[in-house]
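Peer 1: Below you'll find the structure I mean.
The values are calculated or read from the model by the stated rules, or taken from the named source; none is laboratory data. Only a predicted model underlies this, so the values are computations on that prediction, with no experimental measurement involved. Using ideal geometry, Cβ is built from the backbone for each residue, glycine included, and neighbour counts are taken over all protein chains shown.
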């Protein structure tokens with residue numbers, strides 16, 4: 001088999017079907033994910049061991065192949081001509097190779113095109129502060145952050161640095177200078193790259209993921225010292241995100257972290273992508289806008305009360321996840337069943353529907 005040509009054929013299928021992911025696993029047909037559902041490409045042959053090896057060699061550089069052998073897994077980005085970019089992970093399972101590829105669209109869509117709230121404009125137009133986009137894996141966090149960065153790129157003369165593993169969306173420099181740094185090829189680690197931004201005359205920093213307390217601490221400090229900092233976490237809600245950040249530090253450092261976070265946090269956006277009745281996916285979301293009440297709750301260890309603040313502050317632009325879900329149901333965008341699958345509080349949602 002000509003694995004390079006077969007890859008191109010499969011990539012074209014992903015693009016044509018507007019799919020999000022492509023999977024290769026031994027003993028199964030190549031499989032795409034469309035609108036959240038896995039669909040085997042049954043017209044393609046079931047993959048054998050040698051096919052996975054062939055695809056791996058077609059995708060990875062020799063150095064990356066060696067890293068895969070040594071570490072048994074590797075994150076990478078792959079450019080398919082000028083048509084598409086993929087974020088990938090190749091890993092071993094039961095001694096066999098499996099491949100997962102996520103399509104990164106070439107065009108960075110606007111908030112309106114993504115069905116995201118206009119309130120996100122406000123955070124992109126801030127000059128400093130700490131803003132987080134959170135949610136489970138595969139829920140569009142990177143796409144939302146890219147839209148926020150692109151808004152700045154279109155409107156302001158700023159120096160923007162992104163730190164990613166791997167680089168996902170490729171930005172075309174417009175009004176802003178944009179430097180994109182990839183872990184391993186451009187810098188040793190998130191923490192190392194983030195520490196360096198203080199000497200790089202940066203205005204806006206986008207951190208692909210905060211994986212350790214050192215990175216979180218430096219990000220909060222950067223926001224405190226006059227930078228606008230965007231990042232992501234794999235958490236389910238604003239309150240859980242704040243607790244996760246604080247709990248990542250030793251007990252002796254948590255009070256200081258609370259103080260720093262209470263003064264630097266400007267908002268948290270939690271999102272889910274839900275199958276749309278008309279096809280495709282649509283986001284449901286929770287939006288916390290940090291105000292005096294939120295800052296006080298963070299300082300006073302009362303983060304469990306933040307959900308109530310969100311629920312009762314819609315006039316300030318905050319959005320409760322159940323309100324978002326119930327609105328989507330009423331508009332005929334999603335089913336009641338899917339709303340219940342994605343809520344964090346079924347009893348409250350039941351009262352709204």
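Peer 1: Can you find even one residue in segment 281-294 that is at pLDDT 95 or above, in a helix (DSSP H, G or I), crowded, with 22+ Cβ neighbours inside 10 Å and assigned by TED's automatic domain parsing to the domain that holds residue 134?
Peer 2: Scanning segment 281-294, I find at least one residue that is at pLDDT 95 or above, in a helix (DSSP H, G or I), crowded, with 22+ Cβ neighbours inside 10 Å and assigned by TED's automatic domain parsing to the domain that holds residue 134, so the answer is yes.
Peer 1: If I ask for residues that are touching a helix residue (DSSP H, G or I) at 6+ places or on another chain (Cβ under 6 Å) and surrounded by 17 or more Cβ atoms within 10 Å (Cβ to Cβ), which ones from segment 296-314 would you list? Can you show your working first?
Peer 2: Let us first name the residues in segment 296-314 that are touching a helix residue (DSSP H, G or I) at 6+ places or on another chain (Cβ under 6 Å), namely 297-299, 303, 305-307, 309.
Result: 297, 298, 303, 306, 307, 309.
Peer 1: Restricting to segment 259-269, count the residues that are part of a strand (DSSP E or B) and over 20 Å from residue 112 (Cβ atoms).
Peer 2: Within segment 259-269, the first condition is being part of a strand (DSSP E or B), and the residues that meet it are 265-269.
From the residues that got through so far, the ones that are over 20 Å from residue 112 (Cβ atoms) too are 265-266, 268.
Total meeting the criteria: 3.
Peer 1: Hey, does segment 21-37 have a residue that's more than 19 Å from the chain's Cα centre (by Cα), free of Cβ contacts under 8 Å to residues at least 24 places away in the same chain, over 28 Å from residue 280 (Cα atoms) and part of a helix (DSSP H, G or I)?
Peer 2: Looking for residues that are more than 19 Å from the chain's Cα centre (by Cα), free of Cβ contacts under 8 Å to residues at least 24 places away in the same chain, over 28 Å from residue 280 (Cα atoms) and part of a helix (DSSP H, G or I), one finds none in segment 21-37, hence no.
Peer 1: Working carefully through the options 260, 240, find the one that is over 22 Å from residue 136 (Cβ atoms) and modelled with pLDDT of 95 or more. Show your work before the answer.
Peer 2: Numbers: 240 fails: over 22 Å from residue 136 (Cβ atoms).
When all the criteria are applied, what remains is 260.
Peer 1: Additional query: Among the candidates 108, 74, single out the residue that is in a strand (DSSP E or B) and either without any contact (Cβ under 8 Å) to a residue 24 or more places away in the chain or surrounded by 18 or more Cβ atoms within 10 Å (Cβ to Cβ) (or both).
Peer 2: Numbers: 108 fails: in a strand (DSSP E or B).
Answer to the check: 74.
Peer 1: What do you reckon, is residue 16 at pLDDT below 95 and surrounded by fewer than 18 Cβ atoms within 10 Å (Cβ to Cβ)? If you could, list the steps in order and put the result at the bottom.
Peer 2: Working: at pLDDT below 95: yes; surrounded by fewer than 18 Cβ atoms within 10 Å (Cβ to Cβ): yes.
Considered against the rule, which asks whether it is at pLDDT below 95 and surrounded by fewer than 18 Cβ atoms within 10 Å (Cβ to Cβ), residue 16 comes out as yes.
Peer 1: Just wondering, is there one or more residues in segment 130-151 that are part of a loop (DSSP other than H, G, I, E, B) and more than 30 Å from residue 11 (Cβ to Cβ)? Reasoning before the result, please.
Peer 2: Restricting attention to segment 130-151, the residues satisfying the condition of being part of a loop (DSSP other than H, G, I, E, B) are 135-140.
With the extra rule that they be more than 30 Å from residue 11 (Cβ to Cβ), the set shrinks to none.
Scanning segment 130-151 turns up no residue that is part of a loop (DSSP other than H, G, I, E, B) and more than 30 Å from residue 11 (Cβ to Cβ).
Peer 1: Looking at segment 298-317, is at least one residue farther than 19 Å from residue 118 by Cβ and in contact with a strand residue (DSSP E or B) (Cβ under 6 Å, 6 or more places away or on another chain)? It would help to see each step written out before you state the result.
Peer 2: First, pick out the residues of segment 298-317 that are farther than 19 Å from residue 118 by Cβ: 298-309, 311-312.
Adding the requirement that they be in contact with a strand residue (DSSP E or B) (Cβ under 6 Å, 6 or more places away or on another chain) leaves none.
No: segment 298-317 contains no residue that is farther than 19 Å from residue 118 by Cβ and in contact with a strand residue (DSSP E or B) (Cβ under 6 Å, 6 or more places away or on another chain).
Peer 1: Could you identify the single residue in 321, 344 that is within 23 Å of the chain's Cα centre (by Cα), at pLDDT below 95 and either under 26 Å from residue 209 (Cβ atoms) or crowded, with 21+ Cβ neighbours inside 10 Å (or both)? Can you show your working first?
Peer 2: On the way: 321 fails: at pLDDT below 95.
Only one candidate passes the filter, namely 344.
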